[in-house]
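Here the structure is laid out as structure tokens; the discussion comes afterwards.
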Amino acid sequence: MDTEVVAHRGASAARAEHTLAAYELALREGADGLECDVRLTRDGHLVCVHDRTIGRTSDGAGAVGALTLAQLRRHDFGSWHGGEPAEVLTFEQLAGLAADHRVRLFAETKHPVRQGGRVERELARALSRYRIDAHVMSFSPLAVRRFKALRPDVPTVLLLDRFWPRRLPTWADVAGPGVHLLRRHPGRGAGAYCWTVDDPADVALCRERGVRFLATDNPARTRGLLAANLSP
């Protein structure tokens, strides 16, 4: 099974993460999938923001969960990375882009959050409106289990940081180790979703281990490295 290139927050090495510009560049660079982080605004909208607060990736301040979508839209989420000004990206916008281009979408729910399980419920509803191949992920076992109960038809990824269990729970379909865990566990990785892989040696390791989905900040370079590893 070929290793698929997943654009981590878009082509985030070159463009501001979680902006349309980052995801559109990733698609031009041939990404097989798009990865995003999902949070819920105070008024119940799903937005693509990694951090609990918006200070690092915008010209604003405050917690995502304490702000409305209208308040978030007053801030620029693109210029901090040297790009054009950009509004906060909603999950609906990204899901529509993935549907239009027929690529996989990997959505990670962030925890802990003040809304608790409402994030998974809203994400389950949102995915029902699109014909896309989606995977839902989280570092929170409770969140993954909760989403699987809501949408057993959608594959789930249990993201792993500190340790890698020999056997996944029944409600997790795919292991999601960080690349540091891949290095630590010889012989493992077949079929996994591995994050965040940018170093050439790590790209080669993922290919060697049979990693299914490789999340990277630089889709074009990573695709080139994978192709080079396949050359005789």
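The values are calculated or read from the model by the stated rules, or taken from the named source; none is laboratory data. Keep in mind the model is a prediction, meaning the values are calculated, not measured. Don't worry about glycine lacking a Cβ; one is built from the backbone with ideal geometry, like all the others, and counts go over all protein chains shown. When the accessible area is computed, the model is the full protein with side chains, heavy atoms only, and any ligands, DNA or RNA have been set aside. Shrake-Rupley method; radii C 1.70, N 1.55, O 1.52, S 1.80 Å.
Among the residues of the stretch 1-36, those that are touching a Leu at 6+ places or on another chain (Cβ under 8 Å), of a type outside the set (Asp, Glu) and in a strand (DSSP E or B) comprise Val5, Val6, Ala7, Gly33, Leu34, Cys36. Taken over the stretch 186-202, residues that are in a loop (DSSP other than H, G, I, E, B), without any contact (Cβ under 8 Å) to a residue 40 or more places away in the chain and either in contact with an Asp or Glu (Cβ under 8 Å, 6 or more places away or on another chain) or surrounded by 14 or more Cβ atoms within 10 Å (Cβ to Cβ) (or both) amount to 4. Does Glu92 satisfy the condition of being under 18 Å from Arg221 (Cβ atoms) and touching a strand residue (DSSP E or B) at 6+ places or on another chain (Cβ under 8 Å)? In short, no. Suppose we filter Leu127, Leu142 for residues that are over 21 Å from His8 (Cα atoms) and not small (Gly, Ala, Ser); which single one remains? Checking each option against the conditions leaves just Leu142. One residue stands out among those in the stretch 7-39 that are touching a Phe, Trp or Tyr at 6+ places or on another chain (Cβ under 8 Å) and small (Gly, Ala, Ser): the one that is farthest from Ile54 (Cα to Cα), which is Gly33. Once the stretch 1-24 is narrowed to residues that are over 22 Å from Ala192 (Cβ atoms) and either without any contact (Cβ under 8 Å) to a residue 24 or more places away in the chain or acidic (Asp, Glu) (or both), the residue that is least open to solvent (accessible area, probe 1.4 Å) is Ala22.
Would you mind stating whether Arg39 is at pLDDT 95 or above, more than 23 Å from Ala220 (Cβ to Cβ), part of a loop (DSSP other than H, G, I, E, B) and not β-branched (Val, Ile, Thr)? Spelling it out, it is not the case that Arg39 is at pLDDT 95 or above, more than 23 Å from Ala220 (Cβ to Cβ), part of a loop (DSSP other than H, G, I, E, B) and not β-branched (Val, Ile, Thr). Check whether at least one residue in the stretch 203-217 is under 25 Å from Arg28 (Cα atoms), open to solvent by 40 Å² or more (accessible area, probe 1.4 Å) and within 17 Å of the chain's Cα centre (by Cα), and report yes or no. Checked against the condition, which is being under 25 Å from Arg28 (Cα atoms), open to solvent by 40 Å² or more (accessible area, probe 1.4 Å) and within 17 Å of the chain's Cα centre (by Cα), the stretch 203-217 yields at least one hit.
Results for (1) polar (S, T, N, Q); (2) closer than 19 Å to Thr156 by Cβ, shown as yes or no for each residue.
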position: Pro177; (1), (2): no, yes
position: His185; (1), (2): no, no
position: Asp202; (1), (2): no, no
position: Arg209; (1), (2): no, no
position: Ala215; (1), (2): no, yes
position: Thr222; (1), (2): yes, no
position: Ala228; (1), (2): no, no
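Suppose we filter Asp153, Asp161, Asp133 for residues that are within 16 Å of Gly33 (Cβ to Cβ) and at pLDDT 95 or above; which single one remains? Before the answer, list the steps.
Details: Asp153 fails: within 16 Å of Gly33 (Cβ to Cβ); Asp161 fails: within 16 Å of Gly33 (Cβ to Cβ).
The unique qualifying residue is Asp133.
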